[in-house]
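Quick notes on the structure that follows.
The values are calculated or read from the model by the stated rules, or taken from the named source; none is laboratory data. The structure displayed is predicted, hence computed values, not measured ones. All Cβ positions, glycine included, derive from the backbone under ideal geometry; neighbour counts span all protein chains shown.
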Amino acid sequence: MWMQLDYANGKDTRSGFGAGIHELGKRNPNVVALCADLAGSLKLQDFIRDFPERYVQCGIAEANMMGIAAGLTIGGKIPFATTFANFATGRVYDQVRQSIAYSHKNVKICASHAGLTLGEDGATHQILEDLGMMQMLPGFTVINPCDYNQTKAATLAIAAHHGPVYLRFGRPKWPIFTPADQTFEIGKAVMMKPGTAVSLFATGHLVAKAIEAVNILEAEGISVELINIHTIKPLDEKAILDSVRKTGCAVTAEEHQQLGGLGSSVAQVLTRHFPVPQELVAVQDSFGESGTPDQLLVKYKLDTPDVVAAVRRAIARKG
């Protein structure tokens, strides 16, 4: 087995954000945290305890929070506006577009409880369109890390990046498999395992499912190249093309709608530069529903067997 995942001792990626912003509070006096009445869910307790003067509780008024964040940048602050992913995008898209994106404000929108793995809260909270919505905004950087360590590293990195950022993370306990001391480079994909038969590009929680799929496929003698695409925009086109020129086919895996997410972005790159067979593991034009994260990943075909099946289809299409 190439890599063993430990779900029992994992951590939720939102806690990686909490650890990251607390560290930023120590390093950078211009970092300010804003929240829309969800400080506990966003794991802001340590930041609030140690830096109460740099915390703004905006209440259940997400649109107002985005306006406040935009205003704070004018005074040189680096605002981290935090809430659930659904409320950070769908509820406030106009404010984000007009007040942040249009004038390229240095706001970091940090969004928890994204995707199906939000679980029992159901379809009204499980936004599956956010990556597409945010990457269509000119000048926005869009990041979707895969585990606790990478989320913490990404949180540290976006503070040093000038410009608006959307950072997406989740609620469930998830395996930790990236290094604690990693350097997060925005826009630079991470080669997790080289291979020759198929390029598997995964993002967010689906990187863990991709690792499990690689274990199964490698046991069958299928050589899989696994690449962690943590930055949806700017996309690492070179890493994608270097990989598919070697393998001749591609699979993308994401906890997001098929339209507008990682799969669509990779398809555009392949169409323009090096067309090869591609299979997409993503939600198929559907809202979610209530259930445990594991149940929902199975129902919406985002689980390990679905990644394995997509790899087999892609390889078969090479001819």
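Suppose we keep only residues that are within 16 Å of residue 204 (Cα to Cα) and among the polar types (S, T, N, Q) within the stretch 221-251. Which one would you say is surrounded by the most Cβ atoms within 10 Å (Cβ to Cβ)? Applying the filter and picking the extreme gives 228. Filter the stretch 120-139 down to residues that are surrounded by fewer than 24 Cβ atoms within 10 Å (Cβ to Cβ) and touching a His at 6+ places or on another chain (Cβ under 9 Å) and give me whichever is nearest to residue 8 (Cα to Cα). Taking the candidates together, the pick is 121. Among the candidates 38, 44, 24, 5, the residue that is modelled with pLDDT of 95 or more and touching a Cys at 6+ places or on another chain (Cβ under 7 Å) is uniquely 44.
For the stretch 197-217, the condition holds for no residue, the condition being that it is of a type in the set (Asp, Glu), touching a Gly at 6+ places or on another chain (Cβ under 8 Å) and buried (at least 17 other Cβ atoms within 10 Å of the Cβ). Assessment of the stretch 265-285 against the conditions (surrounded by 17 or more Cβ atoms within 10 Å (Cβ to Cβ), more than 23 Å from residue 190 (Cα to Cα) and hydroxyl-bearing (Ser, Thr, Tyr)) yields no matching residue.
Checking the conditions here, which among 258, 284 is within 21 Å of the chain's Cα centre (by Cα) and either charged (D, E, K, R) or over 15 Å from residue 204 (Cα atoms) (or both)?
Just a single option satisfies the conditions, and that option is 284.
Only residues that are assigned to a loop (DSSP other than H, G, I, E, B) and in contact (Cβ under 8 Å) with a residue 60 or more places away in the chain were counted in the stretch 248-276, giving 5. The helices (runs of 4 or more DSSP H) found entirely in the stretch 37-146 that carry 2 or more residues being in contact with a Phe, Trp or Tyr (Cβ under 7 Å, 6 or more places away or on another chain) are 45-50, 130-135. Just need a number here: residues in the stretch 277-296 that are among the hydrophobic types (A, V, I, L, M, F, W, C) and in contact (Cβ under 8 Å) with a residue 40 or more places away in the chain. Count: 4.
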